[in-house]
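Take a look at the structure set out below.
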Amino acid sequence: MKADTQFKNILIFNPAYLGDTIITTPLIRALHVLYPEARISFCVRPEHADLFYNIPFIDEVIIFDKRNTQKGFSGLLKFVKVISNYQFDLIIDLHLSLRSTTLFSMVKNTYIIGFSSAVMSYMFNKRVEKKQELCEVERNLMILNALCDDFSLDEAKKIGGSLTVYIDKHLQANTLAYFAASAPDKKIVGIAPGSVWPTKRYPVEYFVKVAEDLYHKGYGIALFGGKDDKDSLDEFANIFKYPYFDFAYKTSLRELPAILSAVDLLLSNDSGAMHIAIAAGTPTVAVFGPTVKSLGFFPYDEKSIVVENNNIDCRPCGKHGGHTCPKSHFKCMKDIEPERVLIAALSILKQG
């Protein structure tokens, strides 16, 4: 696969949710392969930036603080000046919003590519269909169809590779040594019970039951989550009565990939933690409730397992889940027995 037009200064714009942002990295790596001499910048939300510094194929991380300093139309105008000063010759807009299309319509002398389903996409120089039958990584890679006459999705996936985040190798080594000294000869299973969306949270008591069974089978347990997961973390701590490695509230987003890379398996919801673990090379058992794999945001690897309830017809009830169950029964999560999650976890752990 070969690029038709040479660009020297490229911006990929995707200040989205955490998982969506991580899912962008195969596209960025593929662009680096196609344009090895180009400078490549990645625009993300400020709270996610630490995951992408010091990645070899990303030359600069640009922050778009759309909720604070760059909020509203006046903030957008300020950001137009910031982007214009970089003098990008190619901008790839992966957002579908009016805000991003408006932003780049005001940036002059730049070739802009985006999805045809974006609001006001007619303002782009070239548009690409966002095929819903593909996973999100593949949808993003389809952007390369606008740059290569000989585009092949299989080739794009090959050069795009896996999800990527920054991993602190020193912290990774220290964490592995810590686990080896504290729990010799034990595999460590991480539990990340939180999610931004309440309906995406598998009941904490179910996570506890799985953790108890794994503990009795000789596995070490580690708890992960931040301040936004407080309710889930506190509930787990109150119910689980056995020793565990407690990383809750104790790790920054920059540190998290290194620590997750040192565990043997992560149990999680459909959440940002799931995507970080996959990028760190750690398989996951992910419990999907209101969302489904066909939305395209499942674990992007060959080792992980999604556990879900396919016996109800109200899934999915939204792209991101919601705050309450529209049917008021929450069967998408409550009907998934902990035993199913345990079986999935053991199938991965026993494979080594």
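When the residues of the stretch 1-18 are filtered to those that are open to solvent by less than 10 Å² (accessible area, probe 1.4 Å) and outside any loop (DSSP other than H, G, I, E, B), the one that is nearest to residue 97 (Cα to Cα) is 13. Here is the figure for the stretch 54-86: residues that are outside any strand (DSSP E or B), of a type outside the set (Val, Ile, Thr) and closer than 25 Å to residue 142 by Cα total 4. Applying the condition of being hydroxyl-bearing (Ser, Thr, Tyr) and modelled with pLDDT under 95 to the stretch 21-74 and asking which residue is least open to solvent (accessible area, probe 1.4 Å) yields 74.
Against the numbered list (1) assigned to a loop (DSSP other than H, G, I, E, B); (2) more than 23 Å from the chain's Cα centre (by Cα), residue 343 comes up short only at (1). Can you confirm whether residue 164 is more than 20 Å from residue 58 (Cα to Cα), in contact (Cβ under 8 Å) with a residue 40 or more places away in the chain and β-branched (Val, Ile, Thr)? In short, no. Say we look at the stretch 313-331 and pick out the residues that are more than 21 Å from the chain's Cα centre (by Cα) and touching a residue at least 60 places away in the same chain (Cβ under 8 Å); which of these is nearest to residue 287 (Cα to Cα)? Once the filter is applied, the top-ranked residue is 330. Among all residues of the stretch 324-333, there is none that is closer than 19 Å to residue 132 by Cα, in a loop (DSSP other than H, G, I, E, B) and open to solvent by 40 Å² or more (accessible area, probe 1.4 Å).
In the list 290, 316, 338, 326, which residue meets the criterion of being at pLDDT 95 or above and not hydroxyl-bearing (Ser, Thr, Tyr)? Steps first, answer last, please.
Numbers: 290 fails: at pLDDT 95 or above; 316 fails: at pLDDT 95 or above; 326 fails: at pLDDT 95 or above.
Among 290, 316, 338, 326, only 338 is at pLDDT 95 or above and not hydroxyl-bearing (Ser, Thr, Tyr).
Scanning the stretch 33-90 for residues that are within 17 Å of the chain's Cα centre (by Cα) and hydroxyl-bearing (Ser, Thr, Tyr) gives a single hit, 53. Exactly one residue out of 77, 96 is under 21 Å from residue 144 (Cβ atoms) and open to solvent by 10 Å² or more (accessible area, probe 1.4 Å): that is 96. For residue 177, the stated conditions do not hold, so it cannot be described as under 19 Å from residue 114 (Cβ atoms) and either under 23 Å from the mean Cα position of the chain (by Cα) or open to solvent by less than 70 Å² (accessible area, probe 1.4 Å) (or both). The residue of the stretch 134-174 that is farthest from the chain's Cα centre (by Cα), among those that are of a type outside the set (A, V, I, L, M, F, W, C), surrounded by fewer than 16 Cβ atoms within 10 Å (Cβ to Cβ) and farther than 19 Å from residue 33 by Cβ, is 174.
The values are calculated or read from the model by the stated rules, or taken from the named source; none is laboratory data. What you see is a predicted model, and the numbers here were worked out from it, not measured in a lab. Note that each Cβ is placed from the backbone with ideal geometry, even for glycine, and that neighbours are counted across all protein chains shown. Please note that ligands, DNA and RNA were not included when accessible areas were found on the heavy atoms of the full protein model with its side chains. Shrake-Rupley method; radii C 1.70, N 1.55, O 1.52, S 1.80 Å.
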